[in-house]
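Q: Before I ask anything, let me first share the structure, which is written out below as structure tokens.
The values are calculated or read from the model by the stated rules, or taken from the named source; none is laboratory data. Just so we're clear, the structure is a prediction, and the values are computed from it rather than from any experiment. Glycine gets a Cβ as well: all are built from the backbone with ideal geometry, and neighbour counts include every protein chain shown. These accessible areas exclude ligands, DNA and RNA; they are computed on the full protein's heavy atoms, side chains included. Shrake-Rupley method; radii C 1.70, N 1.55, O 1.52, S 1.80 Å.
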Amino acid sequence: MKTRIMFNLLMAVMLGMGIFLGGCKEKPMQAKQIPLEDFFKNPEKSRYRISPDGKYYSYMAPYENRMNIFVQEIGTDSATRLTSETDRDISNYFWKNPSRILYMKDTGGDENFRLYGVNIDGSNLVCFTDFPEVRTEIIDDLENVPTEVIIGMNKRDPQVFDPYRLNIETGKMEMLAENPGNIQGWIFDHDGKLRAASALDGVNSQILYRDKESDPFQVVLTTSFKETMSPQFFTFDNKNVYSVSNLNRDKTAAVIFDLANGKELEVLYENPDNDVDALSYSKKRKVLTTAFYESWKGERYFFDDETKLIFDRLNKELDNYEIAITGVTKEEDKFIIRTYSDRSLGSYYIYDKNSDELTKIVDVSPWIDENEMASQVPVEYQSRDGLTIHGYLTLPLGYTMENAEDLPVVVNPHGGPWARDSWGFNPEIQFLANRGYAVFQMNFRGSTGYGKKFWEESFKEWGRAMQDDITDGVQWLIEKGIADKDRIAIYGGSYGGYATLQGLVKTPDLYAAGVDYVGVSNLFTFMQTIPPYWKPYLDMMYEMVGNPVSDSLQFVETSPALNAAKITTPLFIAQGANDPRVNKDESDQVVEALKARGIVVEYMVKDNEGHGFHNEENRFDFYRAMEKFLGENMK
């Protein structure tokens with residue numbers, strides 16, 4: 001996997017929100033107020049998958065307020081609950097074979113995921129990786145090998161992941177290679193053979209290759225980490241790889257790459273405006289099917305006519321919704337279909353290709369009426385130095401860009417920061433809009449999907465030009481008359497929490513209130529408390545964020561905890577005690593600095609959470625407190 005994408009995944013965060021009950025000039029009739037719990041309670045049923053033989057589907061549903069796994073025979077009305085987790089939601093799961101499911105779960109938000117297996121009748125539940133303070137990752141599910149899976153664990157060395165072949169019947173594990181310390185991703189061919197790897201050597205990315213498993217790895221490509229050559233999967237003759245790459249171009253494109261000789265052979269698809277993010281293929285027919293990219297919403301480029309025909313047929317019946325395939329049988333004749341939009345969490349369907357029948361299974365959250373939800377509209381504006389910044393504006397129901405005037409606004413910068421905001425249903429945004437807010441999301445410089453140059457514009461600009469992009473967007477809203485300049489709040493999580501704090505430091509008169517959710521506050525201490533498996537990225541982080549030694553003056557300037565004396569705006573902070581990415585001390589520092597000045601800051605800590613609140617009761621507490629806090633401070 002390419003270094004930048006892996007870093008984005010490590011830095012990925014949950015987005016958050018704030019709430020207000022204010023009015024605006026000549027507003028349309030106010031929408032019906034929907035109970036807070038309707039937005040944030042667990043879905044009725046979600047994450048549907050289909051068994052490889054097409055006889056069953058599985059899904060996740062609440063059991064004692066935690067999301068657990070259920071299996072149901074297709075065509076019947078009863079389901080079997082396979083798991084009984086009550087402390088934490090199951091994180092992810094998949095069908096390993098027609099009779100067994102594997103799933104991942106951590107403890108209290110520590111992100112040290114363990115791998116479990118369970119039969120589809122609920123029997124023989126075992127934990128395969130029951131090791132303290134060890135994180136398990138799925139490298140390859142080995143779909144064609146029903147009893148084996150490839151996993152990665154940092155058991156031997158907390159900083160790096162070694163690949164293991166795990167037999168799910170015996171529990172036996174075999175280490176396939178010892179990570180020398182720089183390997184960040186392992187790549188297997190279609191026969192399950194370990195053939196390639198991606199490495200990070202300081203600020204240089206490398207691709208390693210071997211023709212067969214008995215051969216030693218050889219470095220075949222070395223580039224700056226700023227360049228991407230990310231193998232997606234091997235070609236079907238196991239000789240080359242399908243990749244996304246921005247070598248010698250600004251936007252990542254779909255290419256065929258010759259690993260043995262370290263050269264690009266063919267460009268398959270490139271988009272002039274957006275990066276190609278990923279590729280997919282038919283495992284049964286062994287053809288490349290789709291390239292995925294994101295403009296203002298998700299897009300597909302089809303290489304394969306059969307795949308395109310399936311989507312064309314689905315779009316005829318589900319024309320008002322976006323469509324995703326979330327499960328498929330081994331014969332690729334039955335599909336689980338998920339729909340969604342900016343106003344709906346959508347539904348699940350089964351599509352039978354042989355009979356051409358589309359059958360609805362369930363609505364994800366049937367208590368949400370999409371007619372009472374607001375539309376998420378794409379917008380763009382210019383930064384002070386001439387960049388085009390893309391974003392989204394969600395107005396309360398009844399408002400349009402033409403009649404929106406002097407509205408209370410919540411500015412919601414995303415986390416990452418090397419991620420992006422996307423179009424789709426966001427319960428936080430909809431809750432805000434239902435309470436009378438306009439919600440403003442912006443993909444400031446560094447946001448992904450817009451090419452290499454736009455990404456690099458963010459380097460060493462935390463709290464500086466990146467923050468200016470947010471400020472410029474707020475000023476744009478004020479100048480257009482949409483925002484009431486006296487009723488603007490800023491809220492974000494992780495980097496968005498950092499941007500909230502820095503916004504209150506740098507532009508204290510711009511915001512009436514701020515909410516920091518698991519946000520970085522001190523760049524010095526943040527660098528010192530990252531998880532051990534982030535350590536190989538430190539040189540890269542120094543170039544992207546800054547070096548605490550050589551850039552110490554910049555760090556002092558852009559660390560909100562060190563400039564807390566400038567914060568005069570009412571502030572609410574929320575933090576998970578077990579956060580492995582942004583240590584609790586990041587929030588403690590700001591709270592202590594403000595209290596030392598006699599300033600009251602509201603502080604919520606959840607002892608059973610990590611980087612974001614996942615447990616339902618904690619979500620309720622969080623949003624309820626935010627609604628009250630912002631309602632009191634934005635009158």
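Q: Could you tell me how many degrees, from 0 to 90 and to the nearest 10, lie between the Cα long axis of helix 584-596 and the main elongation axis, the longest principal axis, of the Cα atoms of the chain?
A: Once rounded, one gets 10 degrees.
Q: If the only charges are +1 at each Lys and Arg Cβ and -1 at each Asp and Glu Cβ, what is the size of the charge dipole of the range 312-403 around the Cα centre, to the nearest 20 debye?
A: It works out to roughly 200 debye.
Q: Let me ask you something else. How much net charge surrounds ARG66 when only the other residues with a Cβ under 11 Å from the Cβ of ARG66 are counted, with Lys and Arg +1 and Asp and Glu -1?
A: Neighbourhood net charge equals -4.
Q: Here is a follow-up. Extension gain ASN238-GLU405, at 0.36 nm per residue separation less the Cα-Cα distance, in nm?
A: 54.2 nm
Q: Another question, if that's okay. For the pairs LYS251/LYS283; LYS297/LYS453; LYS41/LYS535; LYS41/LYS226, flag any whose C-alpha to C-alpha distance is greater than 32 Å.
A: Violating the 32 Å Cα-Cα cut-off are LYS41/LYS535; LYS41/LYS226.
Q: Could you work out how far apart the two model spin labels at GLU380 and PHE292 are, taking each label as a point 7 Å from the Cα in the direction of the beta carbon, and quote it in nm?
A: With each label placed 7 Å out from Cα toward Cβ, I get 2.4 nm.
Q: Could you work out how far helix 465-479 tilts from the main Cα principal axis of the chain, as a 0 to 90 degree angle to the nearest 10?
A: 60
Q: Starting from the Cα coordinates of the range 486-590, work out the convex hull volume and express it per residue in Å³.
A: Looking at the range 486-590, the number lands at 88 Å³ per residue.
Q: Under 14 Å Cα to Cα from LYS330, which aspartates and glutamates show up? Leave out anything in the same chain fewer than 8 places away.
A: Hits, sequence-local ones excluded: ASP53, ASP141, GLU143, ASP352.
Q: Okay, moving on. As an exercise, identify the trypsin sites (Lys or Arg not before Pro) in the range 119-181 lying in DSSP coil whose Cβ has no more than 15 other Cβ atoms within 10 Å.
A: Qualifying residues, ordered by number: ARG156, LYS172.
Q: Now for a separate question. ASP130 to GLU479: FRET efficiency via 1/(1 + (r/R0)^6), r the Cβ-Cβ distance, R0 56 Å, to the nearest 0.05?
A: Efficiency for this residue pair is about 0.45.
Q: Another question, then. List the pairs from LYS96/LYS172; LYS606/LYS635; LYS460/LYS485; LYS316/LYS353 whose alpha-carbon separation is above 18 Å, in the order I gave them.
A: Correct reply: LYS606/LYS635; LYS460/LYS485.
Q: Same structure, new question: FRET efficiency for TYR63 and ALA565, Cβ-Cβ distance as r, R0 = 45 Å, nearest 0.05?
A: On the way: r = 49 Å, r/R0 = 1.08.
The pair TYR63/ALA565 has a calculated efficiency of 0.40.
Q: Still on this structure: Contour minus end-to-end for LYS628 and ARG81, with contour as 0.36 nm per residue of separation and end-to-end as the Cα-Cα distance?
A: 193.1 nm
Q: Within the accessible area of the chain, what % is carbon and sulfur when the probe is 1.4 Å and the other protein chains stay in place?
A: Heavy-atom surface of the chain belonging to carbon and sulfur, 1.4 Å probe: 46 percent.
Q: Further question: Kindly rank 106-113, 569-576 from highest to lowest mean number of other beta carbons found within 10 Å of each residue.
A: For the peptides 106-113, 569-576, the packing ranking is 569-576, 106-113.
Q: Moving on. Can you give the angle from 0 to 90° between the axis of helix 495-506 and the longest principal axis of the chain, with both taken from C-alpha atoms, to the nearest 10?
A: Its long axis makes an angle of about 20 degrees.
Q: In deg cm²/dmol and to the nearest 500, what is the mean residue ellipticity at 222 nm of the chain if only DSSP H runs of at least 4 residues count, each as -39500 (n - 2.57), divided by the residue total?
A: Mean residue ellipticity at 222 nm (helix-derived): -5500 deg cm²/dmol.
Q: Follow-up question, since we're still on this one. Projecting each Cα onto the charge dipole of the range 183-283 (Lys/Arg +1, Asp/Glu -1 at the beta carbon, about the Cα centre), which of ASN204, VAL219, SER245 comes out farthest on the positive side?
A: Value: VAL219.
Q: Right, next: Ranked from highest to lowest mean number of other Cβ atoms within 10 Å per residue, what is the order of the peptides 280-289, 392-401? Don't skip to the answer; put the middle values down first.
A: Working: 280-289: 15.8, 392-401: 19.3.
Ranking, from highest mean packing down: 392-401, 280-289.
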